[in-house]
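Data block below; observations after.
The values are calculated or read from the model by the stated rules, or taken from the named source; none is laboratory data. As the structure is a prediction and not an experimental result, all values here were calculated from the model. With ideal geometry, Cβ positions are generated from the backbone for all residues, glycine too; neighbour counts draw on all protein chains shown.
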Amino acid sequence: MCAVGDIIRIESYISEDGVDMSRHSFIVIDDESSTISGYSYDFIANVMSSFKSEKHKEKKLRYLENILITEEDRDCNPENGKEAYVKADQLYYFDKSKINYTVMGTATDEIMNTIYDVIEILDRQDKLKINIRNTIKEEVAG
């Protein structure tokens, strides 16, 4: 089971542009079951990405929606020591029966509060991207 604040690795998912992706990290921001557009989901998460270079980091962190997450902002095992960023504008809705995932660790309360604050700002600016593609796909075999 995953809970709010968990950092998870999802083995296979559908990206915001409809591409099948594999082995990517997410931060769980909500773990309440509900429906969206008629599809059931039981958690919402923001995708995380790594930096390819210092120049890439500078470029990505110019945008409000990209939140820096450092080793101090999380408790993971194993900890890779690398900085990453959370894409707070991308809300992925998941049905746990349709994905395989592993809990890798947890984010600190401070970084979670930052994520929620940025999501509220982006929501007021109508800049949130909702991805429900992962609620539509077939269930994962047991």
Test: residue in the range 71-82 that is within 23 Å of Lys127 (Cα to Cα) and either under 12 Å from the mean Cα position of the chain (by Cα) or surrounded by fewer than 20 Cβ atoms within 10 Å (Cβ to Cβ) (or both): no
Qualifying positions in the range 72-111 - under 14 Å from Val28 (Cα atoms), of a type in the set (S, T, N, Q) and out of contact with any helix residue (DSSP H, G or I) (no Cβ under 6 Å at 6 or more places or on another chain): Gln90, Thr102, Thr106
Only listed residue being among the acidic types (Asp, Glu), at pLDDT 95 or above and on the phi < 0 side of the Ramachandran plot, chosen from Asp73, Asp126, Asp89: Asp89
Of all residues in the range 5-49 being without any contact (Cβ under 8 Å) to a residue 24 or more places away in the chain and either touching a Lys or Arg at 6+ places or on another chain (Cβ under 9 Å) or of a type in the set (A, V, I, L, M) (or both), the one that is farthest from Thr114 (Cα to Cα): Val19
Test result for Tyr101, in contact with a Ser or Thr (Cβ under 8 Å, 6 or more places away or on another chain), of a type in the set (Ser, Thr, Tyr), within 22 Å of Val4 (Cβ to Cβ) and surrounded by 12 or more Cβ atoms within 10 Å (Cβ to Cβ): no
Scan of the range 36-48 for residues that are exposed (fewer than 14 other Cβ atoms within 10 Å of the Cβ) and either among the hydrophobic types (A, V, I, L, M, F, W, C) or in contact with a strand residue (DSSP E or B) (Cβ under 7 Å, 6 or more places away or on another chain) (or both), ordered by number: Ile36
Test: residue in the range 49-64 that is within 16 Å of Asn131 (Cα to Cα) and in contact with a strand residue (DSSP E or B) (Cβ under 9 Å, 6 or more places away or on another chain): no
Failed item in (1) over 13 Å from the mean Cα position of the chain (by Cα); (2) under 18 Å from Lys60 (Cβ atoms); (3) not acidic (Asp, Glu), with Gln90 passing the rest: (1)
Residue within the range 11-26 that is in a strand (DSSP E or B), within 14 Å of Leu91 (Cβ to Cβ) and at pLDDT 95 or above present: yes
Members of the range 4-35 that are surrounded by 11 or more Cβ atoms within 10 Å (Cβ to Cβ) and among the hydrophobic types (A, V, I, L, M, F, W, C): Val4, Ile7, Ile8, Ile10, Ile14, Met21, Phe26, Ile27, Val28, Ile29
Test: residue in the range 51-64 that is surrounded by 19 or more Cβ atoms within 10 Å (Cβ to Cβ), in contact with a helix residue (DSSP H, G or I) (Cβ under 8 Å, 6 or more places away or on another chain) and not basic (Lys, Arg): no
